[in-house]
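The values are calculated or read from the model by the stated rules, or taken from the named source; none is laboratory data. A quick note: this is a predicted structure, and the numbers were derived from the prediction, not measured. Ideal geometry is used to build each Cβ from the backbone, glycine not excepted, and the neighbour counts take in all protein chains shown. When the accessible area is computed, the model is the full protein with side chains, heavy atoms only, and any ligands, DNA or RNA have been set aside. Shrake-Rupley method; radii C 1.70, N 1.55, O 1.52, S 1.80 Å.
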Amino acid sequence: MRYAKRKELFDQGLMTPAQMNAEAGNTCVFIIGNTLFGRPNLDNIKDCPFDSVEELEKHLLEQWNRWVNDWDTVIIVGGFAVDEENVRKYAKLLKGKKMLIKGEYDLKDNKIYYDAGFTEVYSHPIIFRDKLILTPKIMRPETRFKVVY
């Protein structure tokens, strides 16, 4: 299908971004952080537009799966879920190959993430495609890299 037709269907709400990418044969990489699935409340989110944790998590799930195909890669830069139960629960519900760069809120045991279906888990920042440093911590390197945190 030609791009103009895909865009027309997308604009009419008849095609999701994931469907548009699939139709075009695209494989995408997405970067997100601090989803913190299973958080107890919204107290630490400034200007949060959601009335409840359940509403926020429902929105995250819908948008994630609207944009991501099973063959896409999603890199989570710290803060995936608050406990083992929520790691397992949400990893199953979310499309894509999931990679985690662990932050301060992530569980210590990497096996939990691998058992939940993550393809890669890192306990330190990584250099991505020789251009970006992906890290859950603020850093300002004196290098050629851009930092995503």
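Given the chain, what percent of its DSSP beta bridges are antiparallel, to the nearest 5? Before the final figure, lay out each step's value.
Numbers: 3 of 19 bridges.
DSSP beta bridges in the chain are roughly 15 percent antiparallel.
Would you mind putting 5-14, 29-38 in packing order, based on average other-beta-carbon counts within 10 Å, highest first?
Peptide ranking by packing, descending: 29-38, 5-14.
Report for segment 79-148 the percent antiparallel among DSSP-assigned beta bridges with both residues inside it, nearest 5. Please report the intermediate quantities before stating the final value.
Values: 3 of 9 bridges.
The antiparallel proportion sits near 35 percent.
Report the one residue of G103, L36, L9 whose Cα lies farthest in the direction of the positive end of the charge dipole of the chain (charges on C-beta: Lys and Arg +1, Asp and Glu -1; origin at the Cα centre).
So the residue furthest toward the plus end is L9.
Convert each backbone phi in segment 71-83 into a coupling constant with the Karplus relation 6.51 cos²θ - 1.76 cosθ + 1.60 (shift: θ = phi - 60°), then list the ³J(HN,Hα) values in order as whole Hz, x for Gly and Pro.
Result, rounded to whole Hz: 8, 6, 10, 10, 9, 9, 9, x, x, 6, 8, 8, 7.
Quick check for me: using +1 on Lys/Arg Cβ and -1 on Asp/Glu Cβ, what's the dipole size of segment 19-149 about its Cα centre, in debye to the nearest 20?
Value, rounded to 20: 560 debye.
Ignoring any ligand, DNA or RNA, what whole percent of the accessible area of the chain comes from carbon and sulfur when the probe is 1.4 angstrom?
Exposed carbon and sulfur together represent 51 percent of the surface.
Out of residues 5 or more away from I31 or on other chains, whose amide H comes under 5 Å of its own, with H placed 1.01 Å from N in the peptide plane?
I75
Would you grab the residues whose amide H sits under 5 Å from the one on K98? Only those 5+ places off in sequence or on another chain, please, with H modelled 1.01 Å from N.
Long-range HN contacts for K98: V74, T119.
For segment 125-138, just list the computed ³J(HN,Hα) in residue order, Karplus coefficients 6.51, -1.76 and 1.60, θ = phi - 60°, integers in Hz, with x standing in for Gly and Pro.
Along segment 125-138, the couplings run x, 10, 9, 10, 6, 6, 9, 10, 9, 9, 8, x, 10, 5 Hz.
Under 5 Å between amide hydrogens, which residues at least 5 positions from V147 or on another chain qualify, with H placed 1.01 Å from N in the peptide plane?
For V147, the qualifying residues are I133.
Between R6 and E55, how many nm apart are label points set 7 Å from Cα along the C-beta direction?
3.4
What list of ³J(HN,Hα) couplings, whole Hz, do you get for segment 97-110 from phi and the Karplus terms 6.51, -1.76, 1.60, once you set θ to phi - 60° and write x for glycine and proline?
My calculation for segment 97-110 gives 7, 9, 10, 10, 9, 5, x, 5, 8, 7, 5, 6, 7, 5 Hz in order.
Expected output is a single nm value to one decimal: the length gained when fully extending between T16 and Y114, i.e. 0.36 nm times separation in residues minus the C-alpha distance. What is it? Don't skip to the answer; put the middle values down first.
Working: separation 98, 0.36 × 98 = 35.28 nm, distance 2.89 nm.
Stretched fully, the T16-Y114 segment lengthens by 32.4 nm.
Arrange the peptides 134-140, 70-76 so that the one whose residues have, on average, the most other Cβ atoms within 10 Å appears first.
Working: 134-140: 14.1, 70-76: 18.0.
Peptide ranking by packing, descending: 70-76, 134-140.
Could you work out how far the C-alpha centroid of segment 91-112 sits from that of segment 70-84, in angstrom?
Segment 91-112 and segment 70-84 have Cα centres spaced 5 Å from each other.
At most 11 other Cβ atoms within 10 Å and a DSSP loop assignment: could you name the GluC sites (Glu not before Pro) in segment 53-149 that fit?
E104, E142
Measuring from centroid to centroid over Cα atoms, what is the spacing of segment 10-28 and segment 52-67 in Å?
Rounded to whole Å, the Cα centres lie 19 Å apart.
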